[in-house]
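Read-outs throughout are calculated quantities, based only on the coordinates presented, and are distinct from any laboratory measurement. Being a predicted model, the structure only gives us computed values, none of them experimental. Glycine gets a Cβ as well: all are built from the backbone with ideal geometry, and neighbour counts include every protein chain shown.
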Amino acid sequence: MLLSRLAEVSGEVAATAARSRKVALLAELFREAEAEDVPVVIPYLAGRLPQGRLGVGWKVLGRHVPAAPEATLTVREVDAALTELGRVSGPGSQAERARLVGALLGAATEAEQRFLLGLLSGEVRQGALDAVAVEGLARATGAAAGDVRRAVMLSGSLQAVAEALLGEGPDALDRFRLTVGRPVLPMLAHSASSVAEAVQKLGACAVEEKLDGIRVQVHRDGDTVRVHTRTLDDITARLPEVTAAALELSGDRFILDGEVISFDAAGRPRSFQETAGRVGSRADVARAAEQVPVSPVFFDVLAADDRELLDLPFAERHAHLARLVPEPMRVRRTLAEGPGDIPAAQRFLADTLARGHEGVVVKSLAAPYSAGRRGAAWLKVKPVHTLDLVVLAAEWGHGRRTGRLSNLHLGARTADGGFAMLGKTFKGLTDALLAWQTERLLRLAVEDDGWTVRVRPELVVEIAYDGLQRSSRYPAGVTLRFARVLRYREDKSPAEADTVEALLAAHPEVTP
DNA sequence: TTCCGACAGTGGGGTCGCAAT
DNA sequence: ATTGCGACCCCACTATCGGAA
């Protein structure tokens, strides 16, 4: 199949708003694809490369390459070229990668270049990723969409499911069952603004501490242990403590879901930055483990012995978990039967925060484990802080925000009467607010380099954030975690904005 | 008819590893 | 030795479609 056909369909998918039409377009293309093209066509139209990330970013992709006049590239040629690209390493590799990308783009027409650049940068912007591709695949093969989705969640691979389906038909889906040793996409949580709201929504529930670490899925099959991240990367080699802990458990075959976190000598959780740095260390794991030891803390079990537990209610899964994992290696929790238990749940949250943790996750006791979904059955509750900050600049937006000032540079007052930048945010803005702030900020503009518009520091904005963290990038030595806009405060003058001094005083646990 | 669940998009900061300087 | 880039951890929020209620 020609790449130009994919580029054409991708363009049509991007141009239509209706999901049903997107699905139909993808289904039609999947039906057209020859068997040998399927392993490439499916991920491409889901906006992903089968090879994963290839080590090329905006630096290489930003260079302009003259387009070919005629469409001749086949998807298999492109795939072969990108496989080659992924193999390049060692000295001179950056130049070699740039050369290979240039050669590929040079053989592509303008439309094909647009599609390839989207794939390579991971931003196809066609309004269709895995979920829509799954629907299209189901439509193309006559399988039930729910069955296809489940197979993808349980295998973590749209590509594998697609190959089997298109090659063998709907019966092939039976093979994609939960298997110890094969990672499953984890269940995710929604947010709630308070424990009371969460408990009221869910009814009988467990309120569990939320640890600020790295999510892990641990598979043990006899003496073999594998540890996977949220995106199913294998990080077993970096976490010997987790392997050791899994081998100590009484069970012989299981899949556990939990968090890895580092505690200091006093038993307090270390900052996310410290835990993440440790988990990211590959070079000298033994040394890293000595300096920042980590512990697994589990909260769910997906399989035990030869039993698949996904579809059991959480209450029953937890009973299995409690048999398998001793209490110190499980997250702390309290049960709430209904609204009457809200005060106790609130005390549990306060206690959890006092112990240095992030917040709680409230989980319905009746809900199954919805692999790969952000189910409404899990609701996280974290305290929110707010600040009044001054807009120092704004960056021009991309995609649907093109032509709008989007990403705000936020400043707090300093002792000398100036402002120190604390970070940026683009979150929390409605279309109306985007339009308003674009017009308003342009009136305050003092400089526009085409990327960033600097403004007179006169506009005050109320910002919500989850906490403070250390920063080597910003002048105060700290930055806001997960900053988002709540509202503009035109009633406030910049002189009334919050100060760096007060911010630091409010977060004594963080020292710049 | 209205409501709400699921998705995609729009980017944020930090840290590590690797290649280039 | 330092710097820059890319990958991958953590993530919030809004708009939209389309099925559920």
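Could you compute the net charge surrounding residue A:223? Neighbours are other residues with a C-beta less than 12 Å from the C-beta of residue A:223; K and R count +1, D and E count -1.
That sum, taken over residues with Cβ under 12 Å, equals +1.
Suppose each label sits 7 Å from its Cα in the direction of the beta carbon; what would the residue A:19-residue A:72 distance come out to in nanometres?
Simple spin-label model gives 4.2 nm for this pair.
Among the listed pairs A:22/A:210; A:22/A:382; A:59/A:424; A:201/A:427; A:380/A:424, which have their C-alpha atoms separated by more than 31 angstrom in this model?
Values: A:22/A:210 38 Å; A:22/A:382 37 Å; A:59/A:424 22 Å; A:201/A:427 26 Å; A:380/A:424 24 Å.
Listed pairs above 31 Å: A:22/A:210; A:22/A:382.
I'd like the GluC sites (Glu not before Pro) in the range A:41-132 restricted to DSSP loop residues with at most 11 other Cβ atoms within 10 Å, sorted by number.
On the way: sites: A:70, A:77, A:84, A:96, A:110, A:112, A:123; in loops: A:70, A:123.
Loop-located and lightly packed - A:70.
Scanning chain A for chymotrypsin sites (Phe, Trp or Tyr not before Pro) in DSSP loops with at most 14 other Cβ atoms within 10 Å, what's the longest stretch left with none?
Longest run free of exposed loop sites: A:1-450.
Considering amide H positions built from the backbone, and no H for Pro or chain starts, which residues 5 or more places from residue A:489, or on another chain, come under 5 Å of its amide H?
The list, which skips near neighbours in sequence, is A:460, A:461, A:462.
For A:292, A:216, what's the fewest-to-most ordering of other Cβ within 10 Å of each Cβ? Display every interim value, and only then the final one.
On the way: A:292 17, A:216 25.
Placing the least packed residue first, the sequence is A:292, A:216.
Which far-off residues, 5 or more places away or on another chain, put their amide H under 5 Å from the one on residue A:427, with H placed in the peptide plane?
Amide H neighbours of residue A:427, under 5 Å, 5+ apart: A:485.
Please list, short to long, the whole-number percent of alpha-carbon pairs of the range A:254-329 in consecutive 5 angstrom bins beginning at zero.
For the range A:254-329, the pair-distance distribution reads 3, 15, 22, 16, 13, 13, 13, 5, 0.
If R₀ is 41 angstrom, what is the calculated FRET efficiency for the pair residue A:144 and residue A:103, using the beta carbon separation as r and rounding to 0.05?
E between residue A:144 and residue A:103, to the nearest 0.05, is 0.45.
Looking only at Cα atoms, what is the convex hull volume of chain A per residue, in Å³? Intermediate values should be presented prior to the final figure.
Numbers: hull volume 94.6 nm³, N = 512.
Spelled out: Cα convex hull of chain A, divided by residues, is 185 Å³.
Calculate, for residue A:447 and residue A:400, the FRET efficiency according to 1/(1 + (r/R0)^6) with r their C-beta to C-beta distance and R0 25 Å; round to the nearest 0.05. Provide the component values of the computation, followed by the final result.
Values: r = 26 Å, r/R0 = 1.03.
Plugging the Cβ-Cβ distance into 1/(1 + (r/R0)^6) gives 0.45.
Consider just the alpha-carbon atoms of the range A:184-230 and return their Rg together with their Dmax, both in angstrom.
Here Rg and the maximum Cα pair distance are 15.1, 44 Å.
Using 7 Å Cα-to-Cβ label points, what is the residue A:35/residue A:433 separation (nm, one decimal)?
5.4
Enter the Cα centre distance for the pair the range A:218-277 and the range A:437-512, rounded to the nearest angstrom.
Spelled out, the Cα-based centre of one part sits 37 Å from the other.
Kirkwood hydrodynamic radius, computed over distinct alpha-carbon pairs, for the range A:358-512: how many Å, to one decimal? Don't jump to the answer; show the numbers that get you there.
Details: mean 1/r = 0.0589 Å⁻¹.
One over the average 1/r among Cα pairs gives 17.0 Å for the range A:358-512.
Compute the distance in nm between two label points, each set 7 Å from the Cα along the Cα-to-Cβ direction, one at residue A:281 and one at residue A:193.
Once both label points are built, they end up 4.2 nm from each other.
Per residue, how much space in cubic angstrom lies within the convex hull of the C-alpha atoms of the range A:3-174? Present the calculation step by step, with values, prior to reporting the outcome.
Values: hull volume 18.3 nm³, N = 172.
So the per-residue Cα hull volume is 107 Å³.
Taking Cα pairs under 8 Å and at least six residues apart, what relative contact order does chain A come out at, in percent? Write out the running numbers ahead of the final one.
Numbers: 971 pairs, mean separation 59.4, N = 512.
Across chain A, relative contact order equals 12 percent.
Could you give each residue of the range A:153-160 its phi-based ³J(HN,Hα) in whole Hz, using Karplus coefficients 6.51, -1.76, 1.60 with θ = phi - 60°, and x for Gly or Pro?
Along the range A:153-160, the couplings run 4, 6, 9, x, 9, 4, 4, 5 Hz.
Just flag the trypsin sites (Lys or Arg not before Pro) in the range A:243-280 sitting in loop per DSSP whose Cβ has no more than 11 other Cβ atoms within 10 Å.
On the way: sites: A:253, A:270, A:278; in loops: A:270.
Filter output for the range A:243-280: empty list.
With both partners inside the range A:366-491, how many of the DSSP beta bridges are antiparallel, as a percent to the nearest 5? Before the final figure, lay out each step's value.
Working: 32 of 33 bridges.
Percentage antiparallel, nearest 5: 95.
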